[in-house]
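Structure first, commentary second.
The values are calculated or read from the model by the stated rules, or taken from the named source; none is laboratory data. These numbers come from a predicted model, not from an experiment. Please note: Cβ atoms are built from the backbone with ideal geometry, for glycine as well, and neighbour counts cover all protein chains shown.
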Amino acid sequence: MSGEGAWAASATIIRMSEYRQVYPFTALVGQDRMRLALELNAVNPAIGGVLIRGEKGTAKSTAVRALARLLPELKVVRGCHYSCDPDSDHLCQDCRGRLEKGEERLPWEMRRMRVVELPINASEDRVVGSIDLEAAIKSGERRFEPGVLAEANRQILYVDEVNLLDDHIVDVLLDAAAMGVNVVEREGISVWHPARFILVGTMNPEEGDLRPQLLDRFGLCVDVRGITDVRERVEIVLRREQFEDDPEAFMAAFSEREESERERIQRAISGLDAVEVAREVLEGIARLAIALEVDGHRADLVARKAAQALSALEGRTRAGVAEVAAVAPMVMAHRIRSQPGQRPHDVAEVAGRILGEA
Amino acid sequence: MSALRVGAPFRIPSWSEVVGQPRMKLALLLAAVDPTIGGVLIRGERGTAKSTLARALAGILPKRRAVLGCPYSCDPQDSRLCPECEARVNAGEQLAVLEIATKVVELPLGASEDRVVGSLDLEAAVREGRRVFQPGLLAEANGQVLYVDEVNLLDHHLVDVLLDAAAMGVNVVEREGISMHHPARFVLIGTMNPEEGELRPQLLDRFGLCVDVEGLRDAAQRVLVMEKNHPDHARDPDQDIALAADLTKARELLGTVRVPPAVVRTAAAIAVDQQVIGHRADLVLYRAARARRALRLAQDGAATDPDVSLQDLLEVSDLVLVHRRRSLGSGGIPTQAGEAQAPQEGAEGSPSTASPADDAAEAGDGATGDQEDGPPTEGATSSAGQDQEGGMSSGSPGPGSPAEVEVADATPAGRIQLPRERLRRHGSGRRSQTASRDRRGRYVGATVVEKTTDLALDATLRAAAPHQLSRSSPEADRDRLAIRLERRDLRQKIRQRRIGNLIVFLVDASASMDAEQRMDATRSAILALLKDAYVRRDRVAMISFSGRAARTVLRPTASVDLAERQLSRLAVGGTTPLTQGLVASLDLIRSERMRDPEVLPLLVLISDGRGNISMRGEEPLVEAQQAAAAVRREQIRALVIDSARDHLSPPGQPQPSTAANGPRFAGYAFNACADLAERMGGQYFGLFDVSEQGILRPVAEALRRSS
């Protein structure tokens, strides 16, 4: 991969070379909803990421890291710190500058989408970027050193134990997620750069809840539980054993499946725009959101996109109530205001009733 | 392989594409018509187009005049110019003026103070040895809209800076050897989700107008939202252009609008009636009503009367008053915080709601009467109808009579009937803040320390800059360094981090008359606390003891769901292993401190204090006293709630220790709980009514005292 040099300094990125160490996505047993949620995001990043809640040892992190290998390739401006898309008008200040200086066409290359990890103990300057120490001392220049949010532009930003993230880091994440831009006004520096990322978080709910505002930023949310089927549990142990014994042989055994899964996602991306959502289906979504008393409108918008992406994955050109019903629990459940002492709505049940009428 | 479009699907809707939300739109338009109204605060649940609309405002704001090349975009007609422009005017220079678009300048939460107020220009200082002021966001915001998303989460020191500038319209900079001031007049727009915490009252009052928004509850409108947000939806720029023209016209007309004395009197009467704080409300009411009339004149061809009508006043009064009423709920959407705070506060002399409510009803009648006195003009009624239809730009006036019925509901006359509860607010639900020692937290400032471990580079360079000329030497040139640093230049970062409390309930589950009641009360107190902790980021744990051992019923958590599940069945019965309970709590707090040394623990013991199971073979009471002493040694805040009903000493007051009177207590004539409390260095409370309130009140008080 060319252009690797710009990223060499950062240890938080899973690179191609490391993929060998990553458990294959298609070798995961069970946890269908979690896998589907991740795939839907790969098909349409505008869905807005996924939050995976569950106990320890339910393959949450494994699945997210494994997804990296199924991700599509992106067209990026060569040498750009922010992986700008040369075909979009949402460019960073550097790329804009290059165009203004008269470069007619920015050089580009194809690069696979990455999973950029945000460690929960990251300091704020590492996340948003900070003043470049070397440039300041050597030449007295005030230069910006990009942080994790810069790396995460157009990639997946993965936060493990997202509910333990420090408050002020959450604030920064929220700001960036809301605008798609990271605005840095600190340490004498005033810059902005695009920061549109797919936010993927995993958490163990026993450690505490997520702030409602951050929760809402996750397009989808799935709860995972340990598998109770004995045969599947045995299969999990066996596969894990095989993988640890001889990762390469294990990878080779799954390479065909991985390849076909990657192609399926790629086909879905190509077919996404052609998927239609009829007005009645939109009305169904709206009625469902009202019946469930969800906060705000983001649920409606995400439900539409998720249903569309699901149809695209299944090779259809029309998203109907069946697709909406399938994605509704992932989209709606975490946006229902929880009243302590009150039983929350059963999304699947309400969806069946409301959408059944449509 | 096709490239993935990440750019296209994220698009920011334009103003006219935002469906519904007429009140929010009206508030923003009024603030745009007359910037002296003082900005808008938008409160509401997540995902209700709050920030979308605030940002979309940039697309419809009228252009403004600014001095060419001025970093503060001074308006040449303004009475207050920046020092540069003033000097140029004094020198007899004719300032070149151009029309510029009004911007929405965003203040990000992570901004540092030097970038907000401005600071010494690092580059100029280091490279040229000149002391140059680098203007900050407040300079950029002069004459513009300054937008703060999640304004309730803004750091205190930034809020202070913002308040200063907003109050004076001037930014005064006295730092790093720079002394200057420049105009900083802006329309402040803030958005917030009240679930995340309240706004400081002082900042709240700075916002001229306030709106509470909710999601649309109409399926057809929701479908419209989905359609307009789709990437394929064709944008119609005409509506925005028309609205921008209306705004420009309204601004021009503002000077021609007259405010009849009757309207001024009514405004004052409303302000008095609503028990608003201070006099800003009256002034804002006046200005907002005037802007409403100007907007109406600009938008509605049928309206020609330049006099502000009562209708204008009533339409805006809710926007002006909703955040200035003295009541706790302040109308609108009830917040989790509000609900959780109310019970804690309500305990202090519970206010009778009946009679103020009656007063309010009477006042409501009065206001309605006024409305009938003042002749509502034709235009007033029709455009109110238009408002009901949900859009400033929707044009056609509504039909007469049904609209009139609606108007009666929508006017504040209905709102006045809210009960006026005078509840005292406590520390506005803010979390404890401490200066962080371990490089975690937000960088808020710099200081000189003996050994610098967390270098504040920008501050260090600024400190070194003035000395560069005197320090230049041949070696430095050889090293090709632009700057020479000395030890005394080094600056350490001051970081600030919000940390939460850890409240550990240690509950006696041994068999006694009221054991179950005690457990139930503790359980509901924990849930109530967690509802509040939701805002405050506190965590709660519970350990119970009975039989021969203590049991951690609830690991430290901030999750209401989890607490509800774990506490659904609490076993009671058996003997009282008090020491075991105390030791278990100590262990828990120690391990939490290992994870985060800055956590603030509070131990709450609910028991009759009569331990009867020995842990190490000593007298149970002596063992418990030793454990209590350990609590004090380790500086853990503690309080003891005495659940025994038959104790002899009066409850509610710290008791003098009687332990000195003898090694063994004489029967139970000795208040064991008060003794433990004293040994822990904590407070003692008697629990007469074993209730949620009986537990919550002391805990809330302990938390308040220590923060």
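A few remarks follow.
- Just one of the listed residues (B:VAL225, B:VAL316) is under 23 Å from B:SER16 (Cα atoms) and at pLDDT 90 or above, and it is B:VAL316.
- Residue satisfying all of: in region B:127-148; surrounded by fewer than 24 Cβ atoms within 10 Å (Cβ to Cβ) and more than 15 Å from B:CYS82 (Cβ to Cβ); farthest from the other protein chains (Cβ to nearest Cβ) among these: B:ARG131
- Candidate set from region B:584-601 (those that are surrounded by fewer than 24 Cβ atoms within 10 Å (Cβ to Cβ) and out of contact with any Asp or Glu (no Cβ under 9 Å at 6 or more places or on another chain)); member that is nearest to B:ARG633 (Cα to Cα): B:ASP587
- Evaluation of B:ARG484 against (1) in a strand (DSSP E or B); (2) closer than 30 Å to B:VAL448 by Cα (one fails), failing number: (1)
- For the condition crowded, with 21+ Cβ neighbours inside 10 Å, assigned by TED's automatic domain parsing to the domain that holds A:CYS80 and either in a strand (DSSP E or B) or without any contact (Cβ under 8 Å) to a residue 12 or more places away in the chain (or both), A:VAL191 does not qualify.
- Region B:77-104: number of residues that are crowded, with 21+ Cβ neighbours inside 10 Å and of a type in the set (A, V, I, L, M): 1
- Among the criteria (1) more than 30 Å from B:GLU123 (Cα to Cα); (2) in the same structural domain as A:LEU71 (by TED's automatic domain parsing), the one A:PHE250 does not fulfil is (2).
- Matching residues, region A:269-289, being loosely packed, with under 14 Cβ neighbours inside 10 Å, more than 10 Å from chain B (Cβ to nearest Cβ) and in a helix (DSSP H, G or I): A:ALA274
- Residue match in region A:205-218 (condition: closer than 30 Å to A:LEU165 by Cα, of a type outside the set (Ser, Thr, Tyr), part of a strand (DSSP E or B) and within 9 Å of another protein chain (Cβ to nearest Cβ)): no
- Filter pass, B:LEU158 being closer than 26 Å to A:GLN213 by Cβ and among the hydrophobic types (A, V, I, L, M, F, W, C): yes
Conditions (1) within 11 Å of another protein chain (Cβ to nearest Cβ); (2) farther than 22 Å from A:ASN163 by Cβ; (3) in a helix (DSSP H, G or I); (4) at pLDDT below 80, marked per residue:
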| residue | (1), (2), (3), (4) |
| --- | --- |
| B:ALA476 | no, yes, yes, yes |
| B:VAL507 | no, yes, no, no |
| B:GLU516 | no, yes, yes, yes |
| B:LYS531 | yes, no, yes, yes |
| B:MET542 | no, no, no, no |
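- Which numbered condition A:GLU259 misses (of (1) more than 10 Å from chain B (Cβ to nearest Cβ); (2) outside any helix (DSSP H, G or I); (3) of a type outside the set (Ser, Thr, Tyr)): (2)
- Screening region A:62-160 for helices (runs of 4 or more DSSP H) wholly inside it with 3 or more residues that are among the small types (Gly, Ala, Ser) returns the ranges A:133-139.
- Number of the condition not met by A:PHE250 [criteria: (1) surrounded by fewer than 20 Cβ atoms within 10 Å (Cβ to Cβ); (2) under 17 Å from the mean Cα position of the chain (by Cα); (3) among the aromatic types (Phe, Trp, Tyr)]: (2)
- Selection within region A:91-113 - in contact (Cβ under 8 Å) with a residue 40 or more places away in the chain and over 28 Å from A:GLU263 (Cα atoms): A:LEU91, A:CYS92, A:GLN93
- Residue within region B:58-74 that is at positive phi, part of a loop (DSSP other than H, G, I, E, B) and outside the structural domain of B:SER14 (by TED's automatic domain parsing) present: yes
- Count - residues of region B:296-313 that are part of a helix (DSSP H, G or I) and within 14 Å of B:GLU252 (Cα to Cα): 4
Here is a yes/no grid of residues against (1) surrounded by 15 or more Cβ atoms within 10 Å (Cβ to Cβ); (2) aliphatic (A, V, I, L, M); (3) modelled with pLDDT of 75 or more:
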position	(1), (2), (3)
B:ASP608	yes, no, yes
B:GLN626	yes, no, yes
B:ARG664	no, no, no
B:ALA700	yes, yes, yes
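- One residue stands out in region A:136-151 among those that are buried (at least 24 other Cβ atoms within 10 Å of the Cβ) and over 15 Å from A:SER123 (Cα atoms): the one that is farthest from the other protein chains (Cβ to nearest Cβ), namely A:GLU151.
- Some residue of region A:296-315 being part of a loop (DSSP other than H, G, I, E, B), modelled with pLDDT of 90 or more and either on the phi < 0 side of the Ramachandran plot or crowded, with 18+ Cβ neighbours inside 10 Å (or both): yes
Yes/no matrix, rows are residues, columns are (1) in contact (Cβ under 8 Å) with a residue 24 or more places away in the chain; (2) in a loop (DSSP other than H, G, I, E, B); (3) within 14 Å of chain A (Cβ to nearest Cβ):
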site: B:GLN77; (1), (2), (3): no, yes, no
site: B:GLU84; (1), (2), (3): no, no, no
site: B:ALA87; (1), (2), (3): no, no, no
site: B:GLY92; (1), (2), (3): no, yes, no
site: B:LEU98; (1), (2), (3): yes, no, no
site: B:THR102; (1), (2), (3): yes, yes, no
site: B:ALA111; (1), (2), (3): yes, yes, yes
site: B:ASP114; (1), (2), (3): yes, no, yes
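- Among residues of region A:88-106, those that are within 30 Å of A:VAL22 (Cβ to Cβ) and either more than 14 Å from every other protein chain (Cβ to nearest Cβ) or out of contact with any strand residue (DSSP E or B) (no Cβ under 6 Å at 6 or more places or on another chain) (or both), counted: 1
- For region A:171-180, the condition of being within 19 Å of A:ARG35 (Cβ to Cβ) and either within 8 Å of another protein chain (Cβ to nearest Cβ) or in contact (Cβ under 8 Å) with a residue 24 or more places away in the chain (or both) holds for none of the residues.
- Of the candidates B:VAL213, B:VAL223, the single residue that is without any contact (Cβ under 8 Å) to a residue 60 or more places away in the chain, in contact with a helix residue (DSSP H, G or I) (Cβ under 9 Å, 6 or more places away or on another chain) and within 14 Å of chain A (Cβ to nearest Cβ) is B:VAL223.
- Residues of region B:552-566 classified as more than 7 Å from chain A (Cβ to nearest Cβ), surrounded by 18 or more Cβ atoms within 10 Å (Cβ to Cβ) and part of a helix (DSSP H, G or I), total: 2
- Sole exception among (1) under 30 Å from B:GLU564 (Cβ atoms); (2) within 18 Å of the chain's Cα centre (by Cα) for A:GLN266, by number: (1)
- Whichever residue in region B:50-67 is among the aliphatic types (A, V, I, L, M) and in contact (Cβ under 8 Å) with a residue 40 or more places away in the chain and, among such residues, is farthest from B:ASN152 (Cα to Cα): B:ALA66
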